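The values are calculated or read from the model by the stated rules, or taken from the named source; none is laboratory data. Bear in mind the structure is a predicted one, so any value in this text is a computation, not a measurement. Note that we place each Cβ from the backbone using ideal geometry, even for glycine, and neighbour counts take in every protein chain shown.
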Amino acid sequence: IAGITQAPTSQILAAGRRMTLRCTQDMRHNAMYWYRQDLGLGLRLIHYSNTAGTTGKGEVPDGYSVSRANTDDFPLTLASAVPSQTSVYFCASSEVSGANYGYTFGSGTRLTVV
Amino acid sequence: GQSLEQPSEVTAVEGAIVQINCTYQTSGFYGLSWYQQHDGGAPTFLSYNALDGLEETGRFSSFLSRSDSYGYLLLQELQMKDSASYFCAVRDRAGRRALTFGSGTRLQVQP
């Protein structure tokens, strides 16, 4: 089934530790995104990539980094986790041109930093 | 900065019609999208409006007025399964499709 796979599904992480959230898509979408979702704040864009080899900063990029070595994978790294990074993280993808403007989202990673 | 305003909660009864409004204030505007999210689930795409007017997809319709910086999602013949959160989102830059999301409207459908 075409879509986005995120791993892990959930994680409890000690503050100060490094962690990479994985995201893989099989739809050959050019654009990929990382959002975090906190209660009452909706989804906020962390980083995005319009195509393999390029990335850009979103609304809340501090403390996070991404890479886009190929079309399918878009990992998100927390270099040194802090409790304020406790959130649900969603990876998404979309076409970058054409008439299909919808995002496909992964099922999310629930991260708790303690 | 960018801001999107939508009501935090709406309650309606099964079979009724409900309208969820969204007003936006962004530096640029290239389209308004709507997403549905059930508790514990991922957001799913419902609709996209780039031009003024009404777009209909089954029981759901979405409207946009660019001059008023306003849009709405209309849900008809409400069903219990429509209980979810609904997010409006704006595409505010040319050359990319990154979206800015509103904080969401929680719709509760009662029998």
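What the table below lists for this structure:
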read-out: Breaking point among (1) of a type outside the set (Phe, Trp, Tyr); (2) touching a Ser or Thr at 6+ places or on another chain (Cβ under 7 Å); (3) part of a loop (DSSP other than H, G, I, E, B), for A:ALA92; value: (3)
read-out: Number of positions in the range B:44-100 that are part of a loop (DSSP other than H, G, I, E, B), within 12 Å of chain A (Cβ to nearest Cβ) and either without any contact (Cβ under 8 Å) to a residue 60 or more places away in the chain or within 25 Å of A:GLY108 (Cα to Cα) (or both); value: 6
read-out: Any chance A:SER10 is of a type in the set (Gly, Ala, Ser) and surrounded by 20 or more Cβ atoms within 10 Å (Cβ to Cβ); value: no
read-out: Filtered residues of the range B:1-22 (kept if free of Cβ contacts under 8 Å to residues at least 60 places away in the same chain and part of a strand (DSSP E or B)); value: B:SER3, B:GLN19, B:ASN21
read-out: Evaluation of A:ASP62 against (1) among the charged types (D, E, K, R); (2) away from chain B (no Cβ under 14 Å); (3) assigned to a strand (DSSP E or B) (one fails), failing number; value: (3)
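Here is a yes/no grid of residues against (1) in contact with a Cys (Cβ under 9 Å, 6 or more places away or on another chain); (2) charged (D, E, K, R); (3) surrounded by fewer than 17 Cβ atoms within 10 Å (Cβ to Cβ); (4) more than 14 Å from chain B (Cβ to nearest Cβ):
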| position | (1), (2), (3), (4) |
| --- | --- |
| A:GLY3 | no, no, yes, no |
| A:ARG17 | no, yes, yes, yes |
| A:ARG22 | yes, yes, yes, yes |
| A:GLN25 | yes, no, no, no |
| A:TYR33 | yes, no, no, no |
| A:ARG36 | no, yes, no, no |
| A:LEU41 | no, no, yes, no |
| A:THR51 | no, no, yes, no |
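Residues are listed down the side, and each one gets a yes or a no for (1) among the charged types (D, E, K, R); (2) on the phi < 0 side of the Ramachandran plot; (3) touching a helix residue (DSSP H, G or I) at 6+ places or on another chain (Cβ under 6 Å):
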{"residue": "B:LEU51", "(1), (2), (3)": "no, yes, no"}
{"residue": "B:LEU54", "(1), (2), (3)": "no, yes, no"}
{"residue": "B:THR57", "(1), (2), (3)": "no, yes, no"}
{"residue": "B:PHE60", "(1), (2), (3)": "no, yes, no"}
{"residue": "B:ASP68", "(1), (2), (3)": "yes, yes, no"}
{"residue": "B:GLU77", "(1), (2), (3)": "yes, no, no"}
{"residue": "B:SER83", "(1), (2), (3)": "no, yes, no"}
{"residue": "B:TYR86", "(1), (2), (3)": "no, yes, no"}
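Residue by residue, here is whether (1) farther than 15 Å from B:ALA98 by Cα; (2) of a type outside the set (Asp, Glu); (3) modelled with pLDDT of 95 or more; (4) surrounded by 15 or more Cβ atoms within 10 Å (Cβ to Cβ) holds:
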residue	(1), (2), (3), (4)
A:HIS47	no, yes, yes, yes
A:GLU59	no, no, no, yes
A:GLY63	yes, yes, yes, no
A:CYS91	no, yes, yes, yes
